[in-house]
1. So which residues in region A:293-325 are farther than 16 Å from A:S257 by Cβ, over 25 Å from the mean Cα position of the chain (by Cα) and away from chain B (no Cβ under 14 Å), if there are any at all?
2. Would you check which residues across region B:65-75 are in contact with a strand residue (DSSP E or B) (Cβ under 8 Å, 6 or more places away or on another chain) and open to solvent by less than 10 Å² (accessible area, probe 1.4 Å) and list them?
3. Identify the residue in region A:326-363 that is within 13 Å of A:A260 (Cα to Cα) and among the small types (G, A, S) and, among all such residues, is surrounded by the fewest Cβ atoms within 10 Å (Cβ to Cβ).
4. Within region B:245-260, can one find any residue that is in contact with an Asp or Glu (Cβ under 7 Å, 6 or more places away or on another chain), within 22 Å of A:V83 (Cβ to Cβ) and assigned to a strand (DSSP E or B)?
5. Quick check on B:G179: is it of a type outside the set (V, I, T), at pLDDT below 95, surrounded by fewer than 24 Cβ atoms within 10 Å (Cβ to Cβ) and in contact with a Lys or Arg (Cβ under 6 Å, 6 or more places away or on another chain)?
6. Out of everything in region B:332-359 that is more than 9 Å from chain A (Cβ to nearest Cβ) and without any contact (Cβ under 8 Å) to a residue 40 or more places away in the chain, what residue ends up being nearest to B:L6 (Cα to Cα)?
7. Please determine whether any residue of region B:280-289 is buried (at least 24 other Cβ atoms within 10 Å of the Cβ), facing chain A (nearest Cβ under 9 Å) and closer than 25 Å to B:G16 by Cα.
2 protein chains.
Amino acid sequence: MRLADLSTPSLILDRGTLAANCAAMAARAAKLGVRLRPHLKTAKSAEAARIATAGQFGGITVSTLAEARYFAGHGFRDITYGVGIAPGKLDEVARLQAEGARLQLVTDDVATVGAVAQRALELKAAFQLLIEIDTGGGRAGVLPEAPALLEIGRAIAAAPGLSLLGVMTHAGHSYRCKGGDAIAAVAEEERAGVVRAAERLEAAGLPSPVVSVGATPTAMFARALPGVTEMRPGVYTLMDLYQMAIGVCRREDIAASVLASVIGHNPRTGRILIDAGALALSQDRGAASLMEHTGFGWVCDAVTGKPLDGLYVAEVNQEHGMIAAAKGAPPFERLPLGARVRILPNHVCMMAAPYDRYHVVEGGADVVAVWDKATGW
Amino acid sequence: MRLADLSTPSLILDRGTLAANCAAMAARAAKLGVRLRPHLKTAKSAEAARIATAGQFGGITVSTLAEARYFAGHGFRDITYGVGIAPGKLDEVARLQAEGARLQLVTDDVATVGAVAQRALELKAAFQLLIEIDTGGGRAGVLPEAPALLEIGRAIAAAPGLSLLGVMTHAGHSYRCKGGDAIAAVAEEERAGVVRAAERLEAAGLPSPVVSVGATPTAMFARALPGVTEMRPGVYTLMDLYQMAIGVCRREDIAASVLASVIGHNPRTGRILIDAGALALSQDRGAASLMEHTGFGWVCDAVTGKPLDGLYVAEVNQEHGMIAAAKGAPPFERLPLGARVRILPNHVCMMAAPYDRYHVVEGGADVVAVWDKATGW
């Protein structure tokens, strides 16, 4: 099978680029002396997960129970579900555990600990919990110095059926930085905050064997991670224009793109229409807020994957994408109807999510594999 | 099964509201004297399509070949694929036709007609074409007065294996209007343009039995449609906050929402966290550009579906939604962890797309049916 044979839109993954990204992050983890627990919310693929966990301890992170179910079904047993647990999800967690998976759940709420403990009794199940720490991201978690931290820790430790595994954080604010020095400063905030939380728990006689950080920018630029035991970056596997814009990767490190067909020319508006729109590319505009002429993604050659200078997807409707040129009219003759292009993502987690498979290439026109992936919830 | 038993996020559809929306549009079509060919890119569901086509001639519109395949498999044979055809899709079209479907394809490009004719010969297939007309939307289509219109029409008529069915247009610019009078003016532009194109074809001896318009706002507010034979609105089936904001529907007409669980409280930022984020709600901000305190959707009671005053999803990450209040802090006590809410969509086509099923309610807490739906490409 070749790229030219695929229906469009299709999701393309360059295996060599993925492998290089994974090797680079494995080297980072080794250098920093922490375990690597890749976040698979980005790739959502067992084959990609095998590459990302090669040579590692085998643990992974997920963002939905659908991902947990998919990866458990593909032999990944040590799974952190990195989104705050709601008691209504515990029956499904218990089912997955009964089938052999070992899930780590996350909470920042003492009332939730009570509800989880109650459901553990009712289901005759055991649940393992990490306490989420807010190290500056401002989304979820208790502050490292909050009294609630010890209250939650004690409630977990006291409940039959529950185990306190430790603490975790996500430096979401690293996405709002640009460049290595600014990101390194956030990485140190992330580290210091979560380590401080672990120390407070341990000083209170509460074990915290896991001290987990996680975000691709901080994983890339952290200078040292004393006290941290693991990291959970995810987007590094595939990379995207946003990571490039904040200085985390090069364009050549972006491993995923969407193959699209030209379906129209509009000389009056200066647009080339493609069959990849708001659903196929997502409506994420992250990178466009940092780089001019980015829109909903950069337009690349279908085979080489290299940018066609100055071409970007300026607008999207549900199944229509509108390509514009940075200057003047786009090259209608070079991209006649039926021609194919590849679009680099603003935010690859958003772009890849709706597809049920990757068409895998190795830098050329041949599709060397088709990998299934998780979708939905 | 009850709403309280569902995993979250889940996509909820109120059948009574859908049926009322479909009855209202059927009455509009009857009053305007045109056939109704519902666009199923919004609902993507065979059960919804049965309600939308009840009492009609049975034709539908789709935006992807995956939808065409799904609906053909559920007995819908008369299908307009409303996105400009790329020659690479013709093998799949021919397969669907060999299995009994009858597809109408769309083009605005004479070179594409040549490529389609060539492939028809190679596949020993017959393809039926509509010429897309730009009546002011500025996306695709030839202008009603363009010389290219006759050139395309003649090329189709002359090619063995191809049939010219007529003309179609989509008044995308009706989405940029507000209120019945402004939309009625666009509806008249849409009608006049596509009818003029049909007249030019017929004057040149080229038949144009189909004269098709299509957009929910213009379908709702067109005053008369002389010369038009059919309309293809879609979003009316489910409606959303954007249609409400431009005056096309009431809040009570919105038939779809996402059921979500509260997974966190952040008193420092004044946010209630839910497990429906950028993927579960989409990143569409259409309605937020027209109405304050809309964000990524309005927050409603989980059972009644009625808005919880002033609460909206202010921010989203991949699987996290952050609820804010229009004034002050959100009601943490009223929405404890584990509580459930429903989120009304900015743009329902975007919100519904990634889900593989609807959980159907009839205004209450019981799930009265589960309907499958199409996803992906």
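The values are calculated or read from the model by the stated rules, or taken from the named source; none is laboratory data. Values in this document were obtained by computation on a predicted structure and should not be read as measured data. Quick reminder, even Gly has a Cβ in these numbers, built from the backbone with ideal geometry, and neighbours come from all protein chains shown. The accessibility values were calculated without ligands, DNA or RNA, using every heavy atom of the protein model including side chains. Shrake-Rupley method; radii C 1.70, N 1.55, O 1.52, S 1.80 Å.
1. A:D309, A:G310, A:A325
2. Passing the criteria: B:A68, B:F71.
3. So, considering only residues that are within 13 Å of A:A260 (Cα to Cα) and among the small types (G, A, S), the one surrounded by the fewest Cβ atoms within 10 Å (Cβ to Cβ) is A:A339.
4. yes
5. Considered against the rule, which asks whether it is of a type outside the set (V, I, T), at pLDDT below 95, surrounded by fewer than 24 Cβ atoms within 10 Å (Cβ to Cβ) and in contact with a Lys or Arg (Cβ under 6 Å, 6 or more places away or on another chain), B:G179 comes out as no.
6. The selected residue is B:R334.
7. Looking for residues that are buried (at least 24 other Cβ atoms within 10 Å of the Cβ), facing chain A (nearest Cβ under 9 Å) and closer than 25 Å to B:G16 by Cα, one finds at least one in region B:280-289, hence yes.
For (1) open to solvent by 40 Å² or more (accessible area, probe 1.4 Å); (2) without any contact (Cβ under 8 Å) to a residue 12 or more places away in the chain; (3) not hydroxyl-bearing (S, T, Y), each residue gets a yes or a no:
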{"position": "B:R77", "(1), (2), (3)": "yes, no, yes"}
{"position": "B:G82", "(1), (2), (3)": "no, no, yes"}
{"position": "B:P87", "(1), (2), (3)": "no, no, yes"}
{"position": "B:V93", "(1), (2), (3)": "no, no, yes"}
{"position": "B:A117", "(1), (2), (3)": "no, no, yes"}
{"position": "B:E122", "(1), (2), (3)": "yes, yes, yes"}
{"position": "B:L130", "(1), (2), (3)": "no, no, yes"}
{"position": "B:G137", "(1), (2), (3)": "no, no, yes"}
